[in-house]
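Structure record follows, encoded as structure tokens.
What follows draws every value from the coordinates through simple rules; no lab data is involved. Worth saying up front: this structure is predicted, and the values here are computed from it rather than measured. No Cβ is skipped: glycine too gets one built from the backbone with ideal geometry, and neighbour counts run over all protein chains shown.
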Amino acid sequence: MKTDLNTNGEGMGPDKKPYVHGRSERESERLSYQASRLGDLLHDGTNYPPGSNVLEAACGVGGQTVILARNSPGALFTSVDISPESLSLARAAVTSEGHSNVTFRQADVYDLPFGPGTFDHVFVCFLLEHLPDPLLALGKLKAVIRPGGTITVIEGDHGSALFYPDSADARAVIRCLVDLQQEMGGNALIGRELSRLMREAGFTDVRVSPRPVYADEGSAESQEAVKNIFIAMVEGVRNDALAHGLADEKTWEKGIRDLYRTAGPGGSFCYTFFKATGIRKG
Ligand SMILES: C[S@@+](CC[C@H](N)C(=O)[O-])C[C@H]1O[C@@H](n2cnc3c(N)ncnc32)[C@H](O)[C@@H]1O
């Protein structure tokens, strides 16, 4: 029998909609670690000119915000998120890094409190995968970009995870996360759809750049990143996956153990992020 998702309340947003990863301290740390570890890979090619107004939609705890503020010190960022708790952590992160070019505001991406064409550029990372209507969200973001301005969207795709040794149980626990996210209205396989979504939303000059990460025992640091980013993310949905009957306890424990083996001696792990850019023409 199904139970409510995120029954511990951790994953509920202010709109009372569940959020698959929850908002625990461990998840906040995972997001910040992910942003800093993948910063060079994901932000390569993203620099905003001095004086430009940039909206960062769904800044979360500020992991990407500090990188944006650092890489484009002359740009003025407005970073929004639906969660006030995440916003205060983001504000603290940016303040502790000494940046003064970011303003924070609570906002729902479906109901942005900005007039048409307010921003020169929009930056979005790991948001669309959680939304029931990513196309509508892209339309709302497009409306606040001035003609000629750009959007940058970064998403993952859990179907892109390739690993050795292969394991049906490891694939099953990843599938649990994909299925849970789908039940909450999201799509953990959205990376492959970015091109279509951006074009359908009316952006032009759409370009998608796949950004793979790879780890084997040649780099202990990369293997640590696989454990702390990807495996920790999957482990985070354990209780919900079991409560929903998506896996039994034995399969779950074996699947997680097998995932750890891919980040150990003789193992290898590969995952691809997708970074899309587009222009609002008219
Ligand atoms: C996985 S986190 C990503 C945070 C950040 N962009 C990063 O890469 O670290 C997703 C964020 O989307 C926010 N979010 C979810 N739905 C939203 C909505 N409708 N409007 C604004 N933010 C939303 C959540 O509160 C959460 O902070």
Sequence of LYS250, LYS142 once ranked by neighbouring C-beta atoms within 10 Å, starting from the fewest: LYS250, LYS142
Taking R0 as 25 Å, what's the FRET efficiency between SER52 and SER222 from their Cβ-Cβ distance, rounded to 0.05? 0.15
Expected unfolding gain across ARG199-LEU242 under the 0.36 nm per residue rule, minus the alpha-carbon gap, is 11.7 nm
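Semi-axes, largest first, in whole Å: what does sqrt of 5 times each Cα gyration tensor eigenvalue give for region 100-168?
After scaling each eigenvalue by five and taking roots: 31, 13, 12 Å.
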Take every Cα pair under 8 Å in the chain that's 6+ residues apart, average their separations, divide by the length, and report that relative contact order as a whole percent. 21
Take the Cβ-Cβ distance between SER209 and LYS250 as r, set R0 to 35 Å, and report the resulting FRET efficiency rounded to the nearest 0.05. 0.30
Spatially proximal aspartates and glutamates relative to LYS275 (Cα-Cα < 16 Å; intrachain offsets below 8 disregarded): ASP40, ASP44, GLU56, GLU129, GLU155, ASP157, GLU193, ASP205
Dmax and Rg, reported as Rg then Dmax, of region 64-205 (C-alpha, Å): 17.1, 52
In which sequence would THR204, THR118 go, from the one with the fewest C-beta neighbours within 10 Å to the one with the most? THR204, THR118
Region 225-277: Kirkwood hydrodynamic radius (Cα pairs, Å) comes out at 12.4
Per residue, how much space in cubic angstrom lies within the convex hull of the C-alpha atoms of the chain? 118
If I take every Cα pair under 8 Å that is 6 or more residues apart in region 147-282, average their sequence separation and divide by the length, what percent do I get for the relative contact order? 52
Computed D for region 165-226, Stokes-Einstein, Kirkwood radius over alpha-carbon pairs, 10 °C, 1.306 mPa s, to the nearest µm² per second, is 108
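If you keep only loop residues by DSSP, which GluC sites (Glu not before Pro) in region 33-108 have at most 14 other Cβ atoms within 10 Å of their Cβ?
Sparse-neighbourhood loop GluC sites (Glu not before Pro): GLU97.
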Could you point to the residue in LEU128, SER32, GLY148 farthest towards the positive end of region 25-279's charge dipole, with +1 and -1 charges on the Cβ of Lys/Arg and Asp/Glu respectively? GLY148
Label point distance in nm, ASP166-ARG26, each placed 7 Å from Cα along Cα→Cβ: 3.0
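When a footprinting reagent is the concern and you count Cβ atoms within 10 Å, what order do LYS275, LYS254, LYS281 take, fewest first?
LYS281, LYS254, LYS275
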